[in-house]
Amino acid sequence: MSIELCILASGSSGNCSVLRTPTGVMLIDAGIGPRVVPGRLRGTGVSVTDVSAVCLTHLDRDHFSPTWINTLLKNKVAVYCHADRVAALLAYDGGDRLAGLVRPFESDPFEPLPGLVARPIPLAHDAEGSHGFVLDGFGCRVGYATDLGHVPEHLIAGFESLDLLAIESNYDPQMQRESSRPWFLKQRIMGGRGHLSNQQALAAVRSVLDRSEASAVRLPSHIVLLHRSRQCNCPNLVRRLFTNDPRIAPRLVLSEQFTRTDWLRPNGGVPLAGEQLVLAWG
């Protein structure tokens, strides 16, 4: 078994992905609660008690729900959080009890699971920022980035030679401008420190693929689009836009808010015995 990724939920109502390796299971973000996650995990061969680490991109409530605190304590789950945000994490009601489980990271790589190296990538999201990750181990590389604001060059450079690429594609600009949202919110989302438009996400994906092709390295087996707005985006519009590129079309996966993906694995990856397949591709 190599690295496998399953997006349990992605969107403004909560974000949570599960990563499985030969040495353990971890969550990327925990923005849906511990009562919801078991249902999303049904059929994957993984349970909440298998999770030994949570890696947080940032602390917005749709990426970390404080309802996890008791579960994290009960199961002794390590929580990887950027050093600048540890104080805010511990300030949640009951969060001070997590102090012994929090593992701060800064710019250096860290190891959330044995044999899995996580390289943090700083991103401009709101005032506090966010982090993407390159997760490397067991012959597989996963690039994961959501809540970007804009696409920095160091993200494109770091996302070379990936087996799995997951990146946000949040909104359609016209739908955003014509929505009933207040102007200050539109400005926040579209102003370079909020979220990526479909066009910005597509340009980023193409840059990653172009760079990989120029270096004669492999292209990702799957390209997963995260954090799609339900009010200001449309899955059919996203599919039409991204599938115009023949490199992306056979690799495209749309994550959903209320339905998980199947396990996403490099080409040739073998499902575990007893695993159920469900709604694999967007």
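Any read-out appearing in this document is the output of simple, stated calculations on the displayed coordinates, not a laboratory observation. Note that the coordinates shown come from a computational prediction; the quantities given were computed from them, not determined experimentally. Quick reminder, even Gly has a Cβ in these numbers, built from the backbone with ideal geometry, and neighbours come from all protein chains shown.
Details
- Using θ = phi - 60° in the Karplus curve 6.51 cos²θ - 1.76 cosθ + 1.60, the 3J(HN,Hα) couplings for the range 5-22 round to 10, 10, 8, 7, 6, 8, x, 5, 8, x, 10, 6, 10, 10, 10, 10, 10, x Hz; x is entered for Gly and Pro.
- Here's how it looks for residue 102: its modeled amide H is under 5 Å from those of 79, which are all 5 or more places away or on a different chain.
- Tensor-based shape of the range 113-196 (alpha-carbon gyration tensor, a/c under 1.5 rounded, otherwise prolate or oblate): prolate
- Contour excess over end-to-end distance, with Cα ends at residue 206 and residue 88 and 0.36 nm allotted per residue: 38.9 nm
- What you get for the range 78-161, charging only the Cβ of Lys and Arg (+1) and of Asp and Glu (-1), is a dipole of about 240 debye around the Cα centre.
- Footprinting exposure proxy for 263, 68, 183 (fewest neighbouring C-beta atoms within 10 Å first): 183, 263, 68
- Sites matching trypsin sites (Lys or Arg not before Pro) across the range 58-106 that sit in DSSP coil, with at most 13 neighbouring C-beta atoms within 10 Å: 61, 76
- Percentage relative contact order, the chain, counting C-alpha pairs under 8 Å, at least six apart: 20 percent
- Using Cβ point charges alone (K and R +1, D and E -1), the dipole size of the range 4-254 about the Cα centre works out to roughly 740 debye.
- Distance between the 7 Å Cα→Cβ label points at residue 153 and residue 234: 3.7 nm.
- For the chain, built as a Gaussian network whose Cα springs stay under 10 Å, the top-fluctuating residue of 148, 27, 241: 241
- Whole-Hz ³J(HN,Hα) from phi, Karplus 6.51 cos²θ - 1.76 cosθ + 1.60, for the range 83-95, glycine and proline x: 4, 5, 10, 4, 4, 5, 5, 6, 7, 4, 4, x, x
- The range 1-155 shape via C-alpha gyration tensor axes, a/c threshold 1.5: rounded
- Theoretical FRET efficiency, 1/(1+(r/R0)^6), r = Cβ-Cβ of residue 70 and residue 181, R0 51 Å, to 0.05: 0.90
- With contacts taken as Cα pairs under 8 Å at a separation of at least 6 residues, the range 2-117 carries a relative contact order of 22 percent.
- Signed unit charges on C-beta, dipole axis of the range 4-254, positive-most listed residue 7, 86, 134: 7
- Computed from backbone phi, the HN-Hα couplings of the range 50-62 come to 7, 6, 10, 8, 10, 10, 9, 6, 5, 10, 4, 4, 7 Hz, rounded to whole numbers (Karplus: 6.51 cos²θ - 1.76 cosθ + 1.60, θ = phi - 60°; Gly and Pro given as x).
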